[in-house]
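Everything below concerns the one structure shown next.
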Amino acid sequence: MNKNELIAEIAERADLTKAKAAEAADAFIAAVEEALSSGDEVRLVGFGTFSVAQRKATEGRNPRTGAVIKIAASKQPKFKAGKQLKDAVNSGKKKKKAA
């Protein structure tokens, strides 16, 4: 599912126009980005947790030349699925759409 398909699904399930659903999806993404950028995490009980992990500086090798290269330390966004999401994925069942 891509972003446009997600927006269409949100619009249908929440009885919104696609424009309003797109605004809601963009607002959610912006809020998560802002929280992670400031070092916070976003917990959605049952769904999962968005957080930031520190990655240490390391040395790697250029596969073509074999030369040693330095890989800088960085922050990586991370997502850990919650129990409800894991159960839904493992059961293979789809939830019914809201009427």
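Rule-based calculations on the coordinates, nothing more; no lab input. Since the structure is predicted, the reported quantities are computational estimates derived from the model, not experimental observations. Every residue, glycine as well, gets a Cβ built from its backbone with ideal geometry; the counts of neighbours run over all protein chains shown.
Nearest 20 debye, what's the magnitude of the dipole of the chain about its Cα centre given +1 on Lys and Arg Cβ and -1 on Asp and Glu Cβ? Please list the in-between numbers first.
Numbers: 20 positive and 12 negative charges, 120 e Å.
Magnitude of the dipole: close to 580 debye.
Scanning residues 5 or more positions from residue 48 or on other chains, those with amide H under 5 Å from its amide H are 82, with H placed 1.01 Å from N in the peptide plane. The count of lysine pairs in region 3-83 that are at least 8 places apart or cross chains, and whose C-alpha atoms lie under 22 Å apart, stands at 8. Taking each residue as 0.36 nm, the span from residue 70 to residue 20 lengthens on full extension beyond its C-alpha to C-alpha distance by 13.5 nm. Normalised by the number of residues in region 3-83, the average gap of Cα pairs under 8 Å and 6 or more apart makes the relative contact order 22 percent. The GluC sites (Glu not before Pro) of region 1-46 meeting both criteria, a DSSP state outside H, G, I, E and B (loop) and at most 16 other C-beta atoms within 10 angstrom of the site's C-beta, are 41. Computed from backbone phi with θ = phi - 60° and the Karplus coefficients 6.51, -1.76 and 1.60, the 3J(HN,Hα) list for region 10-22 is 4, 4, 5, 5, 9, 6, 10, 6, 5, 5, 5, 5, 5 Hz; x is used for glycine and proline.
Each 5 Å bin, from zero up to the one with the longest distance, holds this percent of the alpha carbon pairs of the chain: 2, 11, 12, 15, 18, 14, 9, 8, 6, 4, 2, 0, 0.
In order along region 43-57, the phi-based Karplus estimate (6.51 cos²θ - 1.76 cosθ + 1.60, θ = phi - 60°) of 3J(HN,Hα) comes to 10, 10, 3, x, 8, x, 10, 9, 8, 10, 10, 8, 10, 6, 5 Hz; Gly and Pro are listed as x.
Along region 58-70 the Karplus relation, 6.51 cos²θ - 1.76 cosθ + 1.60 evaluated at θ = phi - 60°, assigns HN-Hα couplings of 9, 10, x, 10, 6, x, 6, 9, x, 5, 6, 10, 9 Hz to successive residues, with x for each Gly and Pro. Farthest towards the positive end of the charge dipole of region 3-83, among the residues 51, 10, 72, is the Cα of 72, using unit charges on the Cβ of Lys, Arg, Asp and Glu.
Once you mark the trypsin sites (Lys or Arg not before Pro) that are in a DSSP loop and have at most 14 other Cβ atoms within 10 Å, what is the longest gap between them in the chain? Counting only loop sites that pass the neighbour cut-off, the longest clear stretch is 1-55.
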